[in-house]
1. A:VAL187 is checked against (1) more than 14 Å from every other protein chain (Cβ to nearest Cβ); (2) open to solvent by less than 10 Å² (accessible area, probe 1.4 Å) and fails just one. What number does that condition carry?
2. Restricted to segment B:150-194, and to residues that are open to solvent by less than 50 Å² (accessible area, probe 1.4 Å) and among the acidic types (Asp, Glu), which residue is nearest to the other protein chains (Cβ to nearest Cβ)?
3. Report, by residue number, each residue of segment B:82-128 that is closer than 28 Å to B:VAL44 by Cα, in a loop (DSSP other than H, G, I, E, B) and more than 8 Å from every other protein chain (Cβ to nearest Cβ).
4. Take segment B:54-68 and flag every residue that is within 10 Å of chain A (Cβ to nearest Cβ), assigned to a loop (DSSP other than H, G, I, E, B) and under 17 Å from B:PHE20 (Cβ atoms).
5. Among the candidates A:ASP131, A:ASP139, single out the residue that is out of contact with any helix residue (DSSP H, G or I) (no Cβ under 7 Å at 6 or more places or on another chain), of a type in the set (Asp, Glu) and modelled with pLDDT of 90 or more.
6. Taking into account only those residues within segment A:231-286 that are among the acidic types (Asp, Glu) and in a helix (DSSP H, G or I), which is most open to solvent (accessible area, probe 1.4 Å)?
Amino acid sequence: MAQITESVPRSSNKPKSAIGALFRRLLRSRTGMLGLVIVVLVTLIAIFAPLLAAHDPAKTDIMNRLVPPFWLDGGNMSYPLGTDNLGRDVLSRIIYGSRVSLLVGISAVLLAGAIGIVMGLLAGYYGKAWDFIIMRLVDSFLAIPSILFMLIILAVMGPSLMTLILVLGGTSWVVYARMVRSETLSVKERDYVRSAKAIGALDFRIIVKYILPNVISSFIVIATLNVASTIIMEASLSFLGLGIQSPDVSWGLMLSDGREYIATSWWVATFPGLAITITVLGVIFFGDWLRDVLDPKIKD
Amino acid sequence: MTISAEREVIVEVRNLKKHFEMSNGFLKKTKTTVRAVDGLNFKVYEGETLGIVGESGCGKSTTGQLLLGLMEATEGEIYFRSTDLASMNKEALRKARKDLQVIFQDPYSSLNPRMTVGELIGEPLVVHGIMRGKALRERVIELMQLVGLREHQYDRFPHEFSGGQRQRIGIARALALNPKVIVCDEAVSALDVSIQAQILNLLNRLQKELDLTYVFIAHGLPAVRHISDRIGVMYLGKMVELAGRDELFNNPLHPYSHALLDAVPIPDPKFRKEHELIEGEIPSPSNPPSGCRFHPRCPYATAKCREEEPEYREVLPDHFIACHHPLLDEDTSIVPATH
């Protein structure tokens, strides 16, 4: 009998720290860890850009234009990754460019997420007219080629960092709205939501305390992965001349500048391209790992 | 057994109906109406436990949700004391919910996984602005002790508990507002048999201590036998028989109740009896049979049963039934009719 009393649920042994448990699981996933390291590294580079960059990214030096990277003939250690057609240091420009990429990538996703979550919750929770109107709006956004839409808005408003964020965020919210709506539809039928209605909770409380926390994990996963595609989108728009304008730097703009010299001075376009690839890969690895961890069906 | 004479009516349901419109087929052109609850009349007396039983799809859970105001009735009235819940506006209904609470079937899906035990139990008090801060915490701990949970479990999450303990959390949450009536929607059927007994005992004790009225919904008669004072049997959205517990078990008058009781196995190998098993499946509530809804499966059905719907009436004191051929004197008077 003594044994029986001892085998009562022993969940109280250690106070579990959720973040600690997450971190232990992160250590077990190699790609997840690699993703995290890359994301943290790029973030640190962006934050400490002025300390890390040896040169002013906008400073031109015609005497030293198109200097190759240090390991090639004619290269030297003061321009480790060479210079571009105006003699600007490629490494310093990449370091500063990370700021724009991350800022645009994260802000646009946050903006899109905020719009998408609100729209999705309204459509999913209230249904009927709300659902009809919001979902037709979503459909019409999906029907317009988003790149065309962005080009028109950027052309009208004039390119700047702010418009870039608004345009990228304002066109991609539909994805989140659809996802949050469908999750809301399934969560609101659960018994615990009915129990909230039974105690007389107001709609606002039910949405914020019952629906939102139970749909947010899917959102986090999609949002993380979309940071990657937004970084690429920013690069594409800057490449087309509709994004960041000189003297500001972004990786997309650097690609665009280097395009003409790709045959003779490959390094001008290649290194910013590599920076984009590595960052996006890092974010994707991290997002994939997050998806595995937040999926309640996969428990350790 | 004249319960009605002594006690006050706390909930009364009159001609309650809930129909669901379903559209299907190409371009949603075909419309079918599912008559989940189709004309219910019953009373619940203060302090009693009314059991409601029936097969899946008979509308018993819908009835529970209608009583709680979680669903809007298509037709009919639900009186709580003397106010009609069905005619209330949203805000008045929200306030009235203080008196009517629910315990759900599945303790794994009825507790928000992102809230702690303390939050879950205290939430009704917060929602109605009754308590906050220290008083709230004290009240929650009092409720936890009342249902057999311990104070140190205050900050735990539901997933750290077993099914029985979770059901205790659900019960404490339902009790927080000092309700008068609690609808137990299959409150124990998801639990192990040994845990079921514990929870039923807890519910019994709480009923005595707090003067509660229960509407206990279940799919089998044995589940409600120990806790109910009166039992109602539902079939296809209608009440077919309603009587005191002992009366119903000893003297079932409706062929359906009779068959349900017959279907209960008796744990004695020496005791074997001829089962009068009812044949067939429960018909679809979207296309119920004509006349008496039970006639296609009834061994006593006659032409009258096919054509005329039997009236729900009090055939014996406190014994209601809807049948043309009640089994009033079982052994002699009723001869199975030829179909």
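The values are calculated or read from the model by the stated rules, or taken from the named source; none is laboratory data. Just so it is clear, the model here is predicted, and its values are computed rather than measured. No Cβ is skipped: glycine too gets one built from the backbone with ideal geometry, and neighbour counts run over all protein chains shown. These area figures cover heavy atoms from the full protein model, side chains too; ligands, DNA and RNA do not enter into them. Shrake-Rupley method; radii C 1.70, N 1.55, O 1.52, S 1.80 Å.
1. (1)
2. Only one residue tops the list, namely B:GLU160.
3. B:SER82, B:MET88, B:ASN89, B:ASP99, B:PRO107
4. Within segment B:54-68, none qualify.
5. A:ASP139
6. Of segment A:231-286, the ones among the acidic types (Asp, Glu) are A:234, A:248, A:257, A:260.
The next check asks that each one be in a helix (DSSP H, G or I); those that pass are A:234, A:257, A:260.
Working: A:GLU234: 1, A:ASP257: 42, A:GLU260: 140 Å².
Looking at the filtered set, the residue picked out is A:GLU260.
A quick yes/no check of all residues on (1) in the same structural domain as B:THR33 (by TED's automatic domain parsing); (2) under 15 Å from B:ARG14 (Cα atoms); (3) crowded, with 16+ Cβ neighbours inside 10 Å:
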site: B:GLY64; (1), (2), (3): yes, yes, yes
site: B:GLU72; (1), (2), (3): yes, yes, no
site: B:GLU75; (1), (2), (3): yes, yes, no
site: B:PHE80; (1), (2), (3): yes, yes, yes
site: B:THR83; (1), (2), (3): yes, yes, no
site: B:ALA86; (1), (2), (3): yes, yes, yes
site: B:ASN89; (1), (2), (3): yes, no, no
site: B:ALA92; (1), (2), (3): yes, no, no
site: B:LYS95; (1), (2), (3): yes, no, no
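Okay, residues lined up against (1) in a strand (DSSP E or B); (2) touching a Pro at 6+ places or on another chain (Cβ under 9 Å); (3) of a type outside the set (Phe, Trp, Tyr); (4) surrounded by fewer than 17 Cβ atoms within 10 Å (Cβ to Cβ):
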position	(1), (2), (3), (4)
B:GLN196	no, no, yes, no
B:GLN207	no, no, yes, no
B:ALA223	no, no, yes, no
B:SER228	no, no, yes, no
B:ASP246	no, no, yes, yes
B:PHE249	no, no, no, yes
B:LEU253	no, yes, yes, no
B:LEU260	no, yes, yes, no
